[in-house]
1. Please pick out the residue among 104, 100, 48, 90 that is surrounded by fewer than 12 Cβ atoms within 10 Å (Cβ to Cβ), out of contact with any Gly (no Cβ under 7 Å at 6 or more places or on another chain) and closer than 29 Å to residue 1 by Cβ.
2. Given the criterion modelled with pLDDT of 95 or more and within 15 Å of residue 25 (Cα to Cα), identify the matching residue among 85, 75.
3. Taking strands (runs of 3 or more DSSP E) that do not extend beyond the chain, which have at least 1 residues that are hydrophobic (A, V, I, L, M, F, W, C) and touching a His at 6+ places or on another chain (Cβ under 8 Å)?
4. Quick one: residue 75 ticks every box in (1) surrounded by fewer than 12 Cβ atoms within 10 Å (Cβ to Cβ); (2) free of Cβ contacts under 8 Å to residues at least 12 places away in the same chain bar one, so which box is it?
5. Which of the residues spanning segment 33-54 are aromatic (Phe, Trp, Tyr) and over 16 Å from the mean Cα position of the chain (by Cα)?
6. Does segment 34-49 include one or more residues that are touching a Cys at 6+ places or on another chain (Cβ under 9 Å) and modelled with pLDDT of 95 or more?
7. Please verify whether segment 55-65 includes one or more residues that are surrounded by 10 or more Cβ atoms within 10 Å (Cβ to Cβ), at pLDDT 95 or above and under 13 Å from the mean Cα position of the chain (by Cα).
8. Would you point out the residue of segment 36-45, among those that are surrounded by fewer than 15 Cβ atoms within 10 Å (Cβ to Cβ) and not charged (D, E, K, R), that is farthest from residue 85 (Cα to Cα)?
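The values are calculated or read from the model by the stated rules, or taken from the named source; none is laboratory data. Note that the structure is a prediction, hence the values are computed from the model and not measured. For neighbour counting, all protein chains shown are included, and Cβ atoms are generated from backbone atoms with ideal geometry for every residue, glycine included.
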Amino acid sequence: MKTHKDYFSSLGVDFEPFPRRSYTVIEPLPFLHGHQWDDRALAYVDALRPSQVRVVTDGVKLNACCWRVTIYVNEHNFIERIEQEVQVGLPKGIMHGMDLDSKLGRA
């Protein structure tokens, strides 16, 4: 198993995923916050390779769907936040995705 130190290279090193996995949510594409939800924004969401896309103005149903992207917009159709449900590796000593978030001060 490689560690973070093994990836120093100007050309890149093949990634070796962690053997243990869990789930969490990340917030990609922060530069879209405050922009209109339109085809230009959707073009960037495409880069995330989402399994599903949902756009909401209020609450969401909490059914987990890995790689789904949720775009939160206000009543004027401007992006407030973008979240993607993801699978993450679990380093030694980390129990699950929420534990990983907690250790980074995200929870």
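1. 104
2. Every option except 85 fails the conditions.
3. Result: 79-89.
4. Result: residue 75 fails condition (2) only.
5. 37
6. no
7. Looking through segment 55-65, none of the residues is surrounded by 10 or more Cβ atoms within 10 Å (Cβ to Cβ), at pLDDT 95 or above and under 13 Å from the mean Cα position of the chain (by Cα).
8. Here the residue is 36.
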